[in-house]
Amino acid sequence: DVFSEPVSDTVLAYILLFSRKIIEKNQIVINNKWEKTESHTLKEKSLGVIGMGHIGIVVANKALALGMKVFGNDIREISRDYVKNTSIKMVELNELLKHADFLTLHCDLNDTSFYLIGRDELKLMKPDSVLINTSRGEVIDQSVLERSLQKNEISGAALDVFEIEPLPSNSKFRQLENVYLSPHNS
């Protein structure tokens, strides 16, 4: 459980970067412009958490405290008392993908989670949604994600883990402006 706090803080930082457009606003001022750019409050957004173990629950609790609507999904049964005492809505994966503005992955890598997020799952996501992965790289089919981001089928991604680490120098992720990268160090 030692990583729950830093990982959950990182997930929330990514959510804030995308929703409040922090980096874009900084660039506007640096480029000597003074214009508004659309951004959103967290209360306007929903979070989908895949993997409601210790880290997933810490992320969900922080998101709830900030006013986000939270959907959860896990292959294991989650404490009914926990779900009952929060406003988290436990749903099937396809429903979570359709409704989440931000999708964060906190599952182990195993036979059920290998390429859990692929072409079909990305197509279910909203065009303005963002995918955050701080679990394991192989939970996402990264070549499919690269294409989806290039085509703006989803709005962005924040990746701390990759199928191949360190991230190869020719990775398309490095060239995309709608992606934040971290060296497996959340």
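Any chance segment 62-69 includes a residue that's over 19 Å from L96 (Cβ atoms), in a helix (DSSP H, G or I) and not β-branched (V, I, T)?
yes
Filter segment 46-65 down to residues that are open to solvent by 80 Å² or more (accessible area, probe 1.4 Å) and touching a residue at least 24 places away in the same chain (Cβ under 8 Å), then give me how many there are.
Start the filter on segment 46-65 by keeping residues that are open to solvent by 80 Å² or more (accessible area, probe 1.4 Å), which leaves 54, 65.
From what's left, touching a residue at least 24 places away in the same chain (Cβ under 8 Å): 54.
Residues flagged as open to solvent by 80 Å² or more (accessible area, probe 1.4 Å) and touching a residue at least 24 places away in the same chain (Cβ under 8 Å) within segment 46-65 amount to 1.
Only one of (1) assigned to a helix (DSSP H, G or I); (2) more than 21 Å from M52 (Cα to Cα); (3) not hydrophobic (A, V, I, L, M, F, W, C) is not met by S169, so which one is it?
(1) is the only condition that S169 fails.
State which residue pairs qualify: first residue farther than 18 Å from V179 by Cβ and of a type in the set (D, E) and inside segment 1-16, second residue part of a helix (DSSP H, G or I) and at pLDDT below 95 in any location, beta carbons under 6 Å apart, and separation of 6 or more residues or different chains.
Here the result reads D1/H54, each pair linking segment 1-16 to a residue that is part of a helix (DSSP H, G or I) and at pLDDT below 95.
So that you can scan it fast, the table gives a plain yes or no per residue for (1) in contact with a His (Cβ under 9 Å, 6 or more places away or on another chain); (2) at pLDDT 95 or above; (3) within 19 Å of D160 (Cα to Cα):
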{"site": "V11", "(1), (2), (3)": "yes, yes, yes"}
{"site": "I15", "(1), (2), (3)": "no, yes, yes"}
{"site": "V29", "(1), (2), (3)": "no, yes, no"}
{"site": "N32", "(1), (2), (3)": "no, yes, no"}
{"site": "S39", "(1), (2), (3)": "no, yes, no"}
{"site": "S46", "(1), (2), (3)": "yes, yes, no"}
{"site": "H54", "(1), (2), (3)": "yes, no, yes"}
{"site": "R76", "(1), (2), (3)": "no, no, no"}
{"site": "R80", "(1), (2), (3)": "no, no, no"}
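Given the criteria part of a helix (DSSP H, G or I) and either surrounded by 12 or more Cβ atoms within 10 Å (Cβ to Cβ) or among the polar types (S, T, N, Q) (or both), does K43 qualify?
On the way: part of a helix (DSSP H, G or I): yes; either surrounded by 12 or more Cβ atoms within 10 Å (Cβ to Cβ) or among the polar types (S, T, N, Q) (or both): no.
So K43 fails the test.
Of all the residues that make up segment 76-105, how many are of a type in the set (A, V, I, L, M, F, W, C) and open to solvent by 70 Å² or more (accessible area, probe 1.4 Å)? Don't jump to the end; show me each part of the working.
Of the residues in segment 76-105, the ones of a type in the set (A, V, I, L, M, F, W, C) are 78, 83, 88, 90-91, 93, 96-97, 100, 102-103, 105.
Narrowing the set further to residues that are open to solvent by 70 Å² or more (accessible area, probe 1.4 Å) leaves none.
Total meeting the criteria: 0.
Does F3 satisfy the condition of being touching a strand residue (DSSP E or B) at 6+ places or on another chain (Cβ under 8 Å) and on the phi < 0 side of the Ramachandran plot? Break it down stepwise before answering.
Values: touching a strand residue (DSSP E or B) at 6+ places or on another chain (Cβ under 8 Å): no; on the phi < 0 side of the Ramachandran plot: yes.
For F3, the condition - touching a strand residue (DSSP E or B) at 6+ places or on another chain (Cβ under 8 Å) and on the phi < 0 side of the Ramachandran plot - is not met.
K69: at pLDDT 95 or above, touching a Lys or Arg at 6+ places or on another chain (Cβ under 8 Å) and open to solvent by 70 Å² or more (accessible area, probe 1.4 Å), yes or no?
Yes, satisfied.
Just one of (1) open to solvent by less than 80 Å² (accessible area, probe 1.4 Å); (2) closer than 27 Å to V144 by Cβ trips up D108, so point out which.
Going through (1) open to solvent by less than 80 Å² (accessible area, probe 1.4 Å); (2) closer than 27 Å to V144 by Cβ one by one, D108 breaks only (1).
What are the residues in segment 117-144 that are closer than 21 Å to S182 by Cα, open to solvent by 20 Å² or more (accessible area, probe 1.4 Å) and either of a type in the set (A, V, I, L, M, F, W, C) or free of Cβ contacts under 8 Å to residues at least 12 places away in the same chain (or both), if any?
Correct list: S143 only.
Quick check on my filter: what residues within segment 172-186 are part of a helix (DSSP H, G or I) and either surrounded by 14 or more Cβ atoms within 10 Å (Cβ to Cβ) or at pLDDT below 95 (or both)? Steps first, answer last, please.
Here is the first cut: in segment 172-186, the residues part of a helix (DSSP H, G or I) are 172-175.
The answer is K172, F173.
The values are calculated or read from the model by the stated rules, or taken from the named source; none is laboratory data. Please read these numbers as outputs of a predicted model, since none were measured by experiment. Using ideal geometry, Cβ is built from the backbone for each residue, glycine included, and neighbour counts are taken over all protein chains shown. The protein model used for the area step is the full one, side chains on, heavy atoms only, and it has no ligands, DNA or RNA in it. Shrake-Rupley method; radii C 1.70, N 1.55, O 1.52, S 1.80 Å.
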